[in-house]
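The values are calculated or read from the model by the stated rules, or taken from the named source; none is laboratory data. In this text the structure is predicted, and so the values were computed from the model without any measurement. We place every Cβ from the backbone using ideal geometry, glycine too, and count neighbours over all the protein chains shown.
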Amino acid sequence: MWDDVDFAAQETRVEDLPDDALIYLMASRYVESDVLSQQAWDLFGHLQPGWGRVQAVLDHGHKVLTFDYGTASVFRTAHDASKGGMAVCRDFAHLALAYLRALNIPARYVNGYVGDIGVPKVDAPMDFAAWIEVYLSGRWWTFDPRNNERRLGRVVVARGRDAADVAMLASFGPHQLLDFTVWCHPVDETGQELDGMAFGQETRR
């Protein structure tokens with residue numbers, strides 16, 4: 001399914017939020033919403049609350065950050081990303097999370113896979129990805145800070161406060177990834193393949 005959209009979705013007052021959403025208002029290891037609070041209000045505080053303000057946060061990320069697969073760093077935080085420059089999907093996500101939480105909008109980190117279904121094939125390796133979910137109008141909505149567009153067929157692996165909560169791999173000592181293969185198949189509501197073809201096959205060695 002394509003990511004849901006409701007341009008009329010509204011922010012929820014903090015006192016009306018469900019208990020399980022409150023943790024996603026707080027700063028975390030990679031999301032220094034407290035440090036970026038003033039910057040968030042300076043940039044977005046004047047905007048109409050709701051879907052449009054969330055989208056403005058994502059648009060800002062695309063102005064200050066440029067995606068570069070080779071610049072991944074386990075040390076880069078939202079505060080680092082706020083200064084602009086090269087970044088990977090987790091940096092786009094962390095920056096958006098920091099601004100949104102500073103604006104009292106619950107937002108959580110999502111780790112998963114996004115195949116190239118329904119979009120032109122890109123000349124880049126496919127990989128695990130990071131995006132966010134934002135709490136508006138009583139439910140969680142998917143937003144993609146890195147791609148900044150709706151996508152089809154996301155596969156969610158885990159959700160958390162930031163990348164530290166849902167690390168793809170936690171290891172002690174040296175290791176080497178020998179092989180990694182993913183297939184994406186577009187299917188209908190019954191699970192039947194739409195065209196009998198696999199999309200997004202990517203083998204890593």
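The criterion of being modelled with pLDDT under 95, assigned to a loop (DSSP other than H, G, I, E, B) and either crowded, with 18+ Cβ neighbours inside 10 Å or in contact with a strand residue (DSSP E or B) (Cβ under 9 Å, 6 or more places away or on another chain) (or both) does not hold for Ile105. Could you list all residues from the stretch 43-78 that are outside any loop (DSSP other than H, G, I, E, B), within 20 Å of Ala167 (Cα to Cα) and small (Gly, Ala, Ser)? Correct list: Gly70, Ala78. Across the stretch 148-182, the qualifying residues are those that are within 16 Å of Gly118 (Cβ to Cβ) and not in a loop (DSSP other than H, G, I, E, B), and the one among them that is modelled with the lowest pLDDT is Leu152. With respect to the numbered conditions (1) of a type outside the set (Gly, Ala, Ser); (2) out of contact with any helix residue (DSSP H, G or I) (no Cβ under 6 Å at 6 or more places or on another chain); (3) surrounded by fewer than 18 Cβ atoms within 10 Å (Cβ to Cβ); (4) without any contact (Cβ under 8 Å) to a residue 40 or more places away in the chain, which one is the sole condition not fulfilled by His60? The single condition His60 does not satisfy is (3).
Residue check: is Asp34 more than 20 Å from Asn148 (Cα to Cα), in contact with a helix residue (DSSP H, G or I) (Cβ under 9 Å, 6 or more places away or on another chain), surrounded by fewer than 19 Cβ atoms within 10 Å (Cβ to Cβ) and of a type in the set (D, E, K, R)? When the stated conditions are applied, Asp34 passes them. Taking the stretch 108-154 as the search range and keeping residues that are closer than 21 Å to Asp91 by Cβ and among the β-branched types (Val, Ile, Thr), which one is surrounded by the most Cβ atoms within 10 Å (Cβ to Cβ)? Filtering the stretch 108-154 for residues that are closer than 21 Å to Asp91 by Cβ and among the β-branched types (Val, Ile, Thr), the one surrounded by the most Cβ atoms within 10 Å (Cβ to Cβ) comes out as Ile132. If the condition is being of a type in the set (A, V, I, L, M, F, W, C) and more than 17 Å from Trp2 (Cβ to Cβ), then the stretch 135-174 contributes Leu136, Val157, Ala158, Ala163, Ala164, Val166, Ala167, Met168, Leu169, Ala170, Phe172. Of all residue pairs spaced 6 or more apart or on separate chains, those with beta-carbon atoms under 7 Å, a first member in the stretch 4-23 that is in contact (Cβ under 8 Å) with a residue 60 or more places away in the chain and farther than 14 Å from Leu100 by Cα and a second member that is surrounded by 12 or more Cβ atoms within 10 Å (Cβ to Cβ) and of a type in the set (D, E, K, R) are Val5/Arg150. Residues in the stretch 165-176 that are surrounded by fewer than 17 Cβ atoms within 10 Å (Cβ to Cβ) and touching a strand residue (DSSP E or B) at 6+ places or on another chain (Cβ under 9 Å): Asp165, Ala167, Met168.
Right, Ala40: part of a helix (DSSP H, G or I), in contact with a strand residue (DSSP E or B) (Cβ under 9 Å, 6 or more places away or on another chain) and within 19 Å of Tyr109 (Cβ to Cβ) or not? Taking the combined requirement at face value, the residue does not satisfy it.
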